[in-house]
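Chemist: First the structure, which I've put down as structure tokens, then a few questions once you've had a look.
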Amino acid sequence: FRLVVHLDGELITEAVPVIGYLHRGTEKIAENLQYTQIIPYTDRMDYLSAMTNNYVICHAVETMMDIQVPERAEYLRIIAME
């Protein structure tokens, strides 16, 4: 993410967001992998929120496969994401 800012002294007159710098084709790579092989890629999508990215893919797989996660495990995941 990049933000191009135009200034008039210290006043911001225009701000133009430029997106696209984080696209790495992760979705395309994941199409040919098993569920357990996707985790290292979600780790690297955003190094500041790796645990959250891992949670999202795990939760999606668990929902699709109708897997019931114990309540304690859900709480531990939330704590780890914080």
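Chemist: Would you check if Ile39 is in contact with a helix residue (DSSP H, G or I) (Cβ under 7 Å, 6 or more places away or on another chain) and more than 18 Å from Ala80 (Cβ to Cβ)? Quick ask: steps written out before the conclusion?
Modeler: Numbers: in contact with a helix residue (DSSP H, G or I) (Cβ under 7 Å, 6 or more places away or on another chain): yes; more than 18 Å from Ala80 (Cβ to Cβ): no.
Taking the combined requirement at face value, the residue does not satisfy it.
Chemist: Would it be correct to say that Ala73 is in contact with a Leu (Cβ under 9 Å, 6 or more places away or on another chain) and of a type in the set (Gly, Ala, Ser)?
Modeler: Numbers: in contact with a Leu (Cβ under 9 Å, 6 or more places away or on another chain): no; of a type in the set (Gly, Ala, Ser): yes.
No; evaluated as a whole, the condition is false for this residue.
Chemist: Quick one: which residue in Met51, Met45 is modelled with pLDDT of 90 or more and within 11 Å of the chain's Cα centre (by Cα)?
Modeler: Details: Met45 fails: modelled with pLDDT of 90 or more.
Result: Met51 is the single residue among Met51, Met45 that is modelled with pLDDT of 90 or more and within 11 Å of the chain's Cα centre (by Cα).
Chemist: List the helices (runs of 4 or more DSSP H) inside the chain, counting only whole elements, that have at least 3 residues being surrounded by 11 or more Cβ atoms within 10 Å (Cβ to Cβ) and polar (S, T, N, Q). Full working, then the answer.
Modeler: Numbers: elements: 26-30, 35-45, 50-64, 71-81.
Here the list reads 50-64.
The values are calculated or read from the model by the stated rules, or taken from the named source; none is laboratory data. All figures in this text were calculated on a predicted structure; none of them were measured in a lab. Methodologically, a virtual Cβ is constructed for each residue, glycine included, from the backbone with ideal geometry; neighbour enumeration extends over all protein chains shown.
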